[in-house]
1. Exposed loop sites here are trypsin sites (Lys or Arg not before Pro) in DSSP loop states with at most 10 other C-beta atoms within 10 Å. What is the longest stretch of the chain lacking them?
2. Can you compute the helix-only [θ] at 222 nm over the chain? Use -39500 (n - 2.57) per DSSP H run of at least 4 residues, normalise by all residues, nearest 500 deg cm²/dmol.
3. Keeping all protein chains in place and using 1.4 angstrom, which order do 172, 101 fall into by accessible surface area, from largest down?
4. Got a number for the accessible area of residue 77? Probe 1.4 Å, square angstrom, nearest 10.
5. Taking a probe of 1.4 angstrom, what is the accessible area of residue 194 in Å², to the nearest 10?
6. Set the bar at 20 Å for Cα to Cα. Now go through 43/117; 120/164; 16/56; 16/197; 21/117; 21/56 and name every pair that lies beyond it.
7. Rounded to the nearest 5, what % of DSSP beta bridges with both residues in the chain are antiparallel?
8. So, taking all protein chains as they sit and a 1.4 Å probe, how much accessible area belongs to residue 119, in Å² rounded to tens?
Amino acid sequence: MLDSYKHKGLRKVLVKQLREKGIKDEKVLISIEKIPRHFFVDKYTAEVAYADKALKIDAGQTISQPYTVAYQTELLHIQPGERVLEIGTGSGYQTSILLELGAEVYTIERQKELYDKTTKFLPKLGYHPHFYLGDGSMGIPEQAPFNKILVTAGAPGIPETLLKQLAIGGILVIPVGDEQVQTMTTVLRISENEFEKVEFAQFRFVPLIGDKAW
Ligand code: SAM
């Protein structure tokens with residue numbers, strides 16, 4: 001796996017584009033500039049790997065567009081040491097961004113093919129999240145509470161089970177909508193029974209496939 005000057009240059013251009021599109025969090029931008037995205041999508045040319053586009057990975061799934069990864073991560077406001085649950089490990093690219101920000105990451109994937117590949121691949125880059133195989137729409141109750149929960153697939157609603165697994169002061173970031181379009185949504189847990197929901201821009205994700213999730 002080679003990370004050449006050309007790759008580094010393409011990452012700088014990508015970061016510049018993300019800034020122009022409105023991403024402001026410097027720590028998020030530094031992580032994107034550091035992580036070799038082309039390692040996660042090795043069937044594509046360097047130019048395609050660093051285009052601001054979602055790309056196909058295995059099992060009919062996608063690695064999200066860099067802008068979407070940056071947008072979701074910015075909304076999480078990650079602080080070092082926070083416990084973060086990521087639903088939809090996929091290629092592990094978003095996972096590695098969360099780890100670069102200093103989070104302790106619990107990541108869950110329902111596709112065994114992707115789970116098998118990513119559990120082998122990420123440690124080779126020095127990234128060590130806690131990997132789980134299963135239905136992330138149910139969260140990981142035995143590891144709750146989480147300071148932050150990130151859903152990287154489009155959900156038809158906000159799973160009650162995930163809200164219960166948020167720490168007080170914690171934030172859930174989830175794209176909510178139908179199969180065509182989803183609204184990026186955050187839910188802040190204010191107290192045991194109070195939650196504050198805010199809606200942001202529209203995106204298009206592969207669907208969250210879950211059991212009794214909403
Ligand atoms: N974060 C990933 C990355 O950086 O490559 C991109 C994820 S892709 C847009 C969404 C992922 O969510 C897919 O890998 C899909 O298999 C997974 N997924 C869908 N429903 C799920 C569920 N209920 N539990 C866990 N993973 C799920």
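1. Working: sites that count: 24, 43, 212.
Looking at the chain, 44-211 is the longest stretch - no exposed trypsin sites (Lys or Arg not before Pro) with at most 10 other Cβ atoms within 10 Å.
2. Working: 8 runs with 70 residues, N = 214.
The helix contribution divided over the chain gives -9000 deg cm²/dmol.
3. Details: 172 0, 101 20 Å².
Greatest to least solvent exposure: 101, 172.
4. For residue 77, the solvent-accessible surface is approximately 110 Å².
5. For residue 194, solvent-accessible area is about 100 Å².
6. Working: 43/117 14 Å; 120/164 31 Å; 16/56 24 Å; 16/197 31 Å; 21/117 32 Å; 21/56 23 Å.
Checking Cα-Cα distances, 120/164; 16/56; 16/197; 21/117; 21/56 exceed 20 Å.
7. Numbers: 16 of 35 bridges.
DSSP beta bridges in the chain are roughly 45 percent antiparallel.
8. Residue 119 has an accessible surface of roughly 40 Å² with all protein chains in place.
The values are calculated or read from the model by the stated rules, or taken from the named source; none is laboratory data. Nothing here was measured: the structure is a model prediction, and the numbers come from that model. Note that we place each Cβ from the backbone using ideal geometry, even for glycine, and neighbour counts take in every protein chain shown. With ligands, DNA and RNA removed, areas are computed over all heavy atoms of the protein, side chains included. Shrake-Rupley method; radii C 1.70, N 1.55, O 1.52, S 1.80 Å.
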